[in-house]
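The structure appears below as C-alpha cells.
The values are calculated or read from the model by the stated rules, or taken from the named source; none is laboratory data. Being a predicted model, the structure only gives us computed values, none of them experimental. Quick reminder, even Gly has a Cβ in these numbers, built from the backbone with ideal geometry, and neighbours come from all protein chains shown.
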Amino acid sequence: MFSHPDCLVTGHRGFKGKYPENTLGGFDKCFSAGATLFETDVWTTKDEVLVISHDVNTNRVFVDENGNETNYNILESNYDEIKDLRTIGSREKLLTFKDLLRWFVKAVEHYDGEDQDDSSKHRIMLDIKKLNPPKLLKLLVQDLIEVHSDLQWWFPRIQLGLWDLRFLKYLNQEDWFDRVFSKTSPHNGFRHFDIFHITVAWQSSLPFIGYNEYIDSLENDRFYFKATGVSLIYITTWSKDFLTKFLPLVKQQDLKMFSWTVNNRVQLEYFATVGQKAHIKEYGVITDYPDKMVQLVRDVENSRLGSGDAESSPFLTEKDEEIFLPLKLRISSWFFKFIVNFCAVKGGPPTSETSYSSPIDPEEITTVPVNKLWVMVFSTCQKYGIF
C-alpha cells in the first residue's frame, strides 16, 4: 500500500510556483493548500540578525522602499541597511527569522488546533547555506527560545537542512548547545530537531553517515547531535548505485529522506515507491506547487489502493522490495552526473571535514568558487521547474 507512511508534501520557499518566494503570504498559501511543511532559507547579517532569503545577494528578489534595484550582500550588511527592503512586485517585506517564527506559532494554532502534539503536523524546513558562519545555529536556537521559550515544542517542528558537515560538528563542539539541550527532555520521540544533509549527489552524504557512527563511538558524557535525514535532488536518486549502495545505509541508520524539487507525477511516483518499498522512516517531496502535489499524492495513493497489491506497479519487479528503475530515468541521472563532473562541481566536502574531531571556527565564512557554467545551467533548470 502506498500510504505507509504518507509521502509528505513540502512547499519550496513557501509556494514558489505561484506566489513570491519566502514571504508570509506564500507560506500561508502553502499550508492552506494542504502541505504540512514549507522549506525556506536563513542567513545572518553582519550584526547577527537572522533574515529570510534564498540568495545571499538581494538583487534578484528585493528592491528598496522606492522600488529601486538593490545589491546588498546579506553577510556583509548590517540589518538596518536592509530592513526596509521589499520583494519585487508584491512589495512584501524582507522577513527576519523572528518574524517568521511569530507567524508560525500562530499558524500552528490555526492549522493544528488542539492536536499540537502530533509530530506529523506543520513544520518548517530550514535551508542553511554553507556560506553562513556556523554561529548562525546558536543565533537560530536563541531566536526560537525567545519566540517560544519551551524548546522541546520546537523539536518536531523545525528541521535543520545543512549542506556542510562543519555545522553539525559545531553543534557538538560548542558547549552552549550541550548546556541547553541536556536540560531539555525529549518530546514525541525527538531528542533535538531533525537534521538533514542537503545535497546534489548522494555520495556527499556518506561523511554525514560516517559522522553519525563516529558520534555513536564516543563516551556519552555530553549531549550529541546526529544527522536524522537526507534531502536529495531528485535526479541523484535515479541510479542503480543509489538504490544498491546508498539506500541500505539510509535504512541502516533509520534516516528520513526528502527529494527536491519534485513537480510532476513521474518524479513523485518513483520517489514514493522508493520510500514505501524501502520502508523509509519518513519521506517526502519538496515542490514548487504544493497544491498540485497534495492532489497528486492523493491520486497516486487512490490509484494504488484501487489496483490492489503494490507489487503490480510498473516501477516494481517480481521480487519483494526490489525497485525497478526505468531506463529513461537512469539516462537522465547519468546526464546530470556528466554535467556536474563537466562543471567540476564537488559533491563531497573537503578532505579536512572528514576529520570528525577537527575544531570548527564558529565565525568562519567559507568562500565557494563560482562556476558560471554551473550557475547558468542550474538557474535555468530551476526557472523551468526542473530542479
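Brief remarks on what is shown
- For region 156-184, residues that are crowded, with 20+ Cβ neighbours inside 10 Å, in a loop (DSSP other than H, G, I, E, B) and out of contact with any strand residue (DSSP E or B) (no Cβ under 7 Å at 6 or more places or on another chain) total 1.
- Looking across region 224-262 at every residue that is more than 16 Å from the chain's Cα centre (by Cα) and not in a helix (DSSP H, G or I), the one that is nearest to K18 (Cα to Cα) is identified as W238.
- Failed item, numbered, when A278 is tested on (1) farther than 24 Å from S332 by Cβ; (2) small (G, A, S); (3) modelled with pLDDT under 95: (1)
- Scanning region 340-361 for residues that are at pLDDT 70 or above and surrounded by 15 or more Cβ atoms within 10 Å (Cβ to Cβ) returns V340, C343, Y356, I360.
- Output for region 1-57, where each listed residue is closer than 21 Å to A272 by Cβ, surrounded by 22 or more Cβ atoms within 10 Å (Cβ to Cβ) and among the small types (G, A, S): G11, A35
- Test: residue in region 32-39 that is in contact (Cβ under 8 Å) with a residue 60 or more places away in the chain, in contact with a Phe, Trp or Tyr (Cβ under 6 Å, 6 or more places away or on another chain) and either polar (S, T, N, Q) or in a strand (DSSP E or B) (or both): yes
- Exactly one residue out of N57, N66, N78, N73 is within 24 Å of the chain's Cα centre (by Cα) and more than 25 Å from D288 (Cα to Cα): that is N73.
- One residue stands out in region 298-339 among those that are modelled with pLDDT under 70 and among the aliphatic types (A, V, I, L, M): the one that is surrounded by the fewest Cβ atoms within 10 Å (Cβ to Cβ), namely L305.
Yes/no matrix, rows are residues, columns are (1) of a type in the set (V, I, T); (2) within 22 Å of K328 (Cα to Cα):
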site	(1), (2)
A201	no, yes
G210	no, no
E219	no, no
K251	no, no
S259	no, yes
T273	yes, yes
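- Residue ID - surrounded by the fewest Cβ atoms within 10 Å (Cβ to Cβ), chosen from residues in region 185-211 that are touching a strand residue (DSSP E or B) at 6+ places or on another chain (Cβ under 6 Å) and assigned to a loop (DSSP other than H, G, I, E, B): V200
- Taken together, the residues in region 144-157 that are more than 19 Å from the chain's Cα centre (by Cα) and over 23 Å from M257 (Cα atoms) amount to 7.
- Pair list, Cβ under 7 Å, 6 or more apart: region 257-277 residue closer than 16 Å to Y289 by Cα, other residue of a type in the set (D, E) and assigned to a loop (DSSP other than H, G, I, E, B): T261/D288; N263/D288
- Restricting region 4-31 to residues that are part of a loop (DSSP other than H, G, I, E, B) and acidic (D, E) leaves a set whose member that is farthest from G161 (Cα to Cα) is D6.
- Boolean, V180 is out of contact with any Asp or Glu (no Cβ under 9 Å at 6 or more places or on another chain), closer than 22 Å to P134 by Cα and modelled with pLDDT under 95: no
- Residue match in region 121-139 (condition: surrounded by fewer than 15 Cβ atoms within 10 Å (Cβ to Cβ), in contact (Cβ under 8 Å) with a residue 40 or more places away in the chain and of a type outside the set (S, T, N, Q)): no
- In region 85-106, the residues that are under 27 Å from K121 (Cα atoms) form no Cβ pair under 7 Å with any partner that is assigned to a helix (DSSP H, G or I) and of a type in the set (K, R), whether six or more places apart or across chains.
Matching residues to (1) in contact (Cβ under 8 Å) with a residue 12 or more places away in the chain; (2) farther than 22 Å from I286 by Cβ:
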site: V200; (1), (2): yes, no
site: Q203; (1), (2): yes, no
site: N212; (1), (2): yes, yes
site: L218; (1), (2): no, yes
site: D221; (1), (2): no, yes
site: T228; (1), (2): yes, no
site: W238; (1), (2): yes, no
site: F246; (1), (2): yes, no
site: Q252; (1), (2): no, yes
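- Residues satisfying the stated conditions in region 130-143, i.e. of a type in the set (A, V, I, L, M) and either modelled with pLDDT under 95 or under 18 Å from the mean Cα position of the chain (by Cα) (or both): L131, L136, L137, L140, V141
Rundown of residues vs (1) polar (S, T, N, Q); (2) farther than 27 Å from T261 by Cα; (3) buried (at least 17 other Cβ atoms within 10 Å of the Cβ), yes/no style:
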residue	(1), (2), (3)
N59	yes, no, no
F62	no, no, yes
E65	no, yes, no
E69	no, yes, no
R86	no, no, yes
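- Scanning region 362-377 for residues that are at pLDDT 70 or above and within 28 Å of L137 (Cβ to Cβ) gives P362, E363, E364, I365, T366, T367, V368, P369, N371, V375.
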